[in-house]
Amino acid sequence: MTRLDLAVVVPVFNERANVARLVAALDVALAGRSWEAIFVDDDSPDGTADAVRDIARIDPRIRVLQRIGRRGLSTACIEGICATAAPLVAVIDGDLQHDEALLPRMADALAADPAIDLVIGSRFVAGGGTGAWDQDRVAKSALATRLSRRVLNADLSDPMSGFFMIRSDVVRGIVPRLSGIGFKILLDIMTAAPAPLRFVELPYVFRTRAVGESKLDHVVALEYLIALYDRMFGRVVPVRFVMFSTIGAMGAIVHLAALGLSLETGAGFIVATIVATMAAMTFNFFLNNLLTYRDRRLRGARALLDGWVSFCLVCSVGAVANVGLAAFLYDVRGQAWALPALAGIAVGAVWNFALSSRFTWGRYGRARG
């Protein structure tokens, strides 16, 4: 039996081709140390979890945590960190773009100075670099860095880094404060800490992905902005409610457009309002599934159909109130249909959020996410 020195948490999704390569790289980088690697897999359809299990059968240092119905890089890191008994824990991507050779230096820095809480791999200190990034990606990263510094009370060169090592007890002490939103867990950790964390930055050069596809997309960028909002204003107005309301406002436009079109084609107001309500509900369901409840997103035709039916059912009370109030006000105000329609939408909005959060993405998201 040897004392466990450190753990490496690797959040993965569709990284089957990189699993064995990363384990081999860690074996070289951490030679002479007692370590374990915890791959946290969000139920990858490419069989990433099985690839980790194949190695774990012959290498007890390797573990897999396969999450069913839960998604998101930040929450994957949190669960992986909480799953180890090692005093030090590192977070590294599963795509081999982070330099695993830096891990021993990170561990040595923490061992040498008990006052340090965190060691961060930085692309923007002397000796670091972004590798083969084009100018567009460099500019986007610089913008994201400037934005993140607005919520950080620290002179950190690379707050967007996803490569760091931290004392496990530090993270466990702030887990209840973590939002788990977005894909930058470092920002979440540093802003959730009740007192500023003491850190050092070590340089590394970001590699080019050799196998697999990048997970960066417009939705991930939106999640980053959402995470910033959550840290700045989330305690006043919850971020999920803001997203739901914003999509609801967009749905109101769909509602009014569908209502106006139906009235123009000669439909009665009640029929037109029912059609417009269903159109808006369908629009809201799919956009909320993509954005608001991304961490519990429903996938596959059957899950989407069940979720849509559930969404319509649990929002039926709000829809009935919507149609009833709109019809009543329309009868009172004559042909001025926009105001009655908006009043009906407002009444249904509260029910939509409360009930769909509980039943549509609460029940179905956990079961089928």
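How long is the gain from residue 157 to residue 3 if the chain were fully straight, where each residue apart is worth 0.36 nm and the alpha carbon distance is subtracted?
Values: separation 154, 0.36 × 154 = 55.44 nm, distance 3.40 nm.
Extra length from residue 157 to residue 3 when fully extended: 52.0 nm.
Annotation for residue 350 and residue 309: the two label points, set 7 Å from Cα along the Cα-Cβ direction, are 3.0 nm apart. Accessible surface comparison of 174, 253, 274, probe 1.4 Å, protein chains only, largest first: the order is 253, 274, 174. Model label points for residue 261 and residue 33, set 7 angstrom from Cα along the Cα-to-Cβ axis, are 5.9 nm apart.
The values are calculated or read from the model by the stated rules, or taken from the named source; none is laboratory data. Predicted model only: the values in this text are computed from it and were never measured. Methodologically, a virtual Cβ is constructed for each residue, glycine included, from the backbone with ideal geometry; neighbour enumeration extends over all protein chains shown. We work out accessible area using only protein heavy atoms, side chains counted, and drop any ligands, DNA or RNA first. Shrake-Rupley method; radii C 1.70, N 1.55, O 1.52, S 1.80 Å.
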